[in-house]
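Some notes on the structure that comes next.
Just so it is clear, none of the values below were taken in a lab; they were calculated from the coordinates. Fair warning: this is a prediction, and the values are worked out from it, not measured in the lab. Quick reminder, even Gly has a Cβ in these numbers, built from the backbone with ideal geometry, and neighbours come from all protein chains shown.
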Amino acid sequence: MDVGDHTADAGHVPVMLDRVLTLLAPALGVHDRAPVYVDGTLGMGGHAEAMLEAHPGLRLIGLDRDTTALERAGRRLARFGDRVTLEHAVYDELPQVLERLGVPVVDAVLFDLGVSSPQLDEAERGFAYSYDAPLDMRMDRTQSLTAAEVVNGYPPAELARILREYGEERFAQRIAAAIARERDKAPLDSTRRLADLVRTSIPAATRRTGGNPAKRTFQALRIEVNGELDSWRRALPAALDALPVGGRIVVLSYHSLEDRITKQILAAQTADTTPPDLPVPLPEHQPRFTLLTRGAELPSDEETTTNPRAGSVRMRAAERVREAT
């Protein structure tokens with residue numbers, strides 16, 4: 001979810017939990033074997049725990065790039081024993097994970113994209129502009145690239161592109177120029193310094209509306225550091241390929257860039273590709289998936305009131321209806 005929209009661990013509530021359970025349940029009794037559920041963004045394990053409780057024969061394969069998240073989720077899910085397999089991996093590595101585990105198909109997949117509550121709440125991770133911390137923003141702390149390296153090492157034109165494309169920041173050029181001037185004096189190494197610099201780079205009239213002016217810059221840097229959009233473009237098709245007929249997928253997105261990619265990929269998979277000049281649809285060109293949601297489904301007003309994390313979520317879901325040819 002977007003940086004800044006976070007709650008304490010103790011108050012963590014999985015987003016749109018009941019709806020996720022309802023959408024995925026029909027996929028879990030289709031085949032004559034123990035069903036397999038992939039949580040591609042395990043996080044704190046809230047959705048996974050609910051799925052394991054609701055379906056006693058279910059096997060979970062949980063992925064997360066954050067080793068801290070895996071440790072915490074592992075403790076939470078320990079009572080389910082060998083029904084749980086946790087993997088330190090980015091979600092676009094799903095095909096390699098499944099091959100290594102000897103799992104040819106999975107029945108249900110969930111992706112809850114964005115930053116998890118613990119990542120935001122741990123000041124030293126550097127994701128949130130509300131704390132002063134080192135400019136880090138790595139979801140996987142075993143990787144080398146940090147936000148500080150991006151801010152201090154990228155050319156101004158590249159910084160502006162990232163802010164414009166990944167943060168949808170109108171004042172990308174101004175902010176990038178200000179960063180370049182500031183880092184010439186001394187490296188930018190703290191979240192507070194960067195947030196203050198962004199605020200002073202944006203016209204005063206704009207600063208008065210739309211929340212913290214650093215929000216878009218922090219989002220853009222986080223996406224760049226973690227390669228989120230490129231990974232997502234690979235991950236979603238891979239997950240769809242792993243589903244058999246009757247298999248289902250649910251995606252929770254928290255900003256328009258992720259949701260746009262999701263919408264485009266699902267649209268391609270749910271389209272009839274019969275050439276328009278042919279009088280009848282061709283079986284091999286029929287859609288491989290059908291949408292389970294009408295457009296992007298939003299959380300209820302009640303949920304957004306009680307669970308601030310759900311405020312910006314957009315949910316899309318689909319079911320495989322035809323094998324690939």
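Taking a point 7 Å out from the Cα of VAL30 in the direction of its Cβ, none of the residues of the stretch 44-66 has a backbone N less than 15 Å from it. As a size descriptor, the averaged projected area of the C-alpha convex hull of the chain was calculated at 18.8 nm². Over the stretch 195-324, Cα pairs under 8 Å with separation of 6+ residues give a relative contact order of 27 percent.
Per q in 0.15, 0.17, 0.23, 0.27 Å⁻¹, report the Debye log10 I(q)/I(0) for the stretch 124-199, using one uniform scatterer on each alpha carbon and no solvent. After summing over all Cα pairs, the log10 values are -0.48, -0.62, -1.14, -1.42. Note that the stretch 28-84 carries a Kirkwood radius of 11.5 Å, evaluated over its alpha carbons pair by pair. For the stretch 254-305, the fraction of alpha-carbon pairs lying more than 19 Å apart is 47 percent, rounded to a whole number. When the chain is treated as a Gaussian network with alpha carbon springs shorter than 10 Å, the biggest mean-square fluctuation among SER256, SER201, SER300 belongs to SER300.
For the stretch 246-307, relative contact order (Cα pairs under 8 Å, six or more residues apart, normalised by length) works out to 25 percent. Counting only trypsin sites (Lys or Arg not before Pro) that sit in a DSSP loop (anything but H, G, I, E, B) with at most 15 other Cβ atoms within 10 Å, what is the longest stretch of the chain containing none of them? Answer from the scan: 34-140. For the chain, the relative contact order works out to 21 percent when only alpha carbon pairs closer than 8 Å and six or more residues apart are counted.
Remark: the stretch 165-290 projects, on average over all directions, an area of 11.6 nm² (convex hull of Cα atoms).
Relative to the dominant Cα principal axis of the chain, helix 156-167 is inclined by about 50°. Taking the DSSP bridge list for the chain and keeping only pairs wholly inside it, about 40 percent are antiparallel. Rounded to the nearest 500, what is the chain's calculated 222 nm mean residue ellipticity when only DSSP H runs of at least 4 contribute -39500 (n - 2.57) each, over all residues? Computed mean residue ellipticity for the chain: -12000 deg cm²/dmol. Between the helical axis of 172-185 and the longest alpha-carbon principal axis of the chain there is an angle of about 50 degrees.
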